[in-house]
1. Out of A:ALA417, A:GLY220, A:VAL373, whose Cα points farthest toward the positive end of the dipole of chain A (charges: +1 Lys, Arg; -1 Asp, Glu; placed on Cβ)?
2. Give the cross-link partners of A:LYS379 among the aspartates and glutamates, using a straight C-alpha distance below 19 Å as the criterion and excluding same-chain residues fewer than 8 apart.
3. To the nearest 20 debye, what is the magnitude of the charge dipole of chain A about its Cα centre, counting +1 on the Cβ of each Lys and Arg and -1 on the Cβ of each Asp and Glu?
4. How do A:PHE459, A:PHE267 rank when sorted from fewest to most other Cβ atoms within 10 Å of their own Cβ?
5. Tell me which residues come under 5 Å, amide H to amide H, from A:SER208 once H is placed; ignore anything under 5 positions away on its chain.
6. If you average the C-alpha positions of region A:393-408 and of region A:314-367 separately, how far apart do those two centres end up, in angstrom?
7. Please order A:ARG401, A:ARG101 by the number of other Cβ within 10 Å, starting at the fewest.
8. Please list the non-local residues whose amide H lies under 5 Å from the amide H of A:TYR44, H modeled 1.01 Å from N, same-chain partners needing a gap of 5 or more.
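No lab work stands behind these numbers, since they all come straight from the coordinates. Because the structure is predicted, anything quoted here is derived from the model rather than measured. Please note: Cβ atoms are built from the backbone with ideal geometry, for glycine as well, and neighbour counts cover all protein chains shown.
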Amino acid sequence: MKPLYYVTTPIFYVNGAPHIGHAYTMIAADVLARFKRLDGYEVYFLTGTDEHGQKVEKAAQDAGLSPQAFTDQISTNFAELAAQMNITHDQFIRTTEARHRVASQAIWNKLQANGHIYLGGYEGWYAIRDEAFYDESELSTNAAGQRVAPTGAPVEFVTEPSYFFRMSAFQEQLIAHIHANPDFIGPVARRNEVLGFLKEPLRDLSISRTSFKWGVPVPGDEAHVMYVWLDALTNYITALGYPDENAELWKFWPADLHLVGKDIIRFHTVYWPTMLMAAGLPVPKRVFAHGWWTVEGEKMSKSVGNVIDPAELAHVFSVDAIRYFLLREITFGSDGDYSRAALIRRLNVELANDLGNLAQRTLSFIAKNAGGVMPVRGKADATLDGFIAALPGQVREAIDRQGFNDALETIWVAIRAGNAYIDQQAPWTLRKTDLVQMEAVLAKLVDLLRVVATLLQPFMPESMAKMLDQLGVSDDARDIATLLVPIASGTVLPPPAGVFPRFVEDAA
RNA sequence: GGCGGUGUAGCUCAGUGGUAGAGCAGGGGAAUCAUAAUCCCUUGGUCGGUGGUUCAAAUCCGCCCACCGCUACCA
């Protein structure tokens, strides 16, 4: 039986149009899902949209739509983004689905049955103008003697009945779990951040609201709807059939990886695990937080007008180029800067010059001088053998810790070695002196390209499919295990065509 | 304020005790199979500052400077 792997993106909040940041999360998760499939795992990959809450209710109202009609529309945009980015999710979940209401109410009932929910009052300083609560420490007094928020809005002390989750009861258990499982939170900086946060006593979590209606009703008290995070986080198990633990997909729980943005790390490493502990369910194996992108050195924002539309970008360059750039440019987990110049540099230098040209020079040489078939292996110089043998393991190791750029750098070291090798071996000289040796050299290069293209499939599925076609690798021989079966000498290689054209800026 | 992190070549970064590294950019050369792509060589750094530990510090410790993150219930 295949080992299982369950990876998720966050469900995206439907309060605006998808941008490059959403694409980034999806792409990273997709590379993991594709790699694990390639490596023999049975993978389940979940993404979707988070559609409840006061903000959505308000945005729908502003748009003159019912909340359901509004979320239908926005959710579709995210589903389209996934399709445009070549995302291979197995399921797209929406929190407004009936089954999700069932699951959310089920986990609520479970928490309640286990004695971890109580009715209390949610009190605080509320600014009507901001529609937000503020901590006492944030307040100041204005000239008129009013208590005001940092925004200047007047605040008043309000109390609203609310159910609470006894999160404080799980603090020690959570801390112990984080210490016992060093890989539970990544990257390490985020783990330290969460541990730092847990040095202070954990407060119980307000998990219901009466101030708006657009949410999952609290079982037995329909004046309340569930606090959005309780509802939202539950999506990860709704998708697997919860509360039916006999469901076909339930075998995937606990998740191997929740991929999230750094802004929601706490919800995933504090709220969610304690909720699961309270419900008697296993916690996810790992949560990894990625960083944010700036654009040309500036924070991406609607008001600045520099929000990058991934679909537009993919139209100008290619989906594969964008997928590659986003995972290559920076260490996964850190913030990064997108710039058009940097993207073009990666595309031209690494994809077109290094990889694309290596494939093209090798394959066109074979087409012209070796009969257009896989050459006969021989006693070629062994320089590339180490790369060919080690690459799958090295890439696997990097992928398993979400070290996408390390994985790519490792592959590129091998590609550069391939270019050095062809120059040193000079098959164009061997053509006149030693045809057997010439074939041996060319075969070695094809073997290297085959490993490289195979391992790059998760990153650039379309381009690598083309490259593997040209390398004579059949559709059923493109996974990692099958790398052990060499391409047979004499296999007909289709006429080569450049996979990564150089990007030339329009003269206009 | 508290806790944590970062500061290394023009740029982006790797390097956690033992003669400063990579990629890109710059300079020189080679080759001409290839998407004028490639390969080789090379310029360039008092490793934020300062004091200390050590035979030896980018790497450990103290202090200082700069920048960043977290410091809970909008997601």
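1. Checking the options against the dipole of chain A, the answer is A:VAL373.
2. Straight-distance partners of A:LYS379: A:ASP423, A:ASP434, A:GLU439, A:ASP447.
3. Values: 45 positive and 59 negative charges, 236 e Å.
So the magnitude is around 1140 debye.
4. On the way: A:PHE459 23, A:PHE267 17.
The fewest-first ordering by Cβ neighbours comes to A:PHE267, A:PHE459.
5. Distant-sequence amide H within range of A:SER208: A:TYR163, A:TYR227.
6. Taking the Cα centre of region A:314-367 as reference, the centre of region A:393-408 is 17 Å away.
7. Values: A:ARG401 16, A:ARG101 19.
Final ranking by Cβ density, sparse to dense: A:ARG401, A:ARG101.
8. Hits under the 5 Å cutoff: A:TYR5, A:TYR6, A:VAL7.
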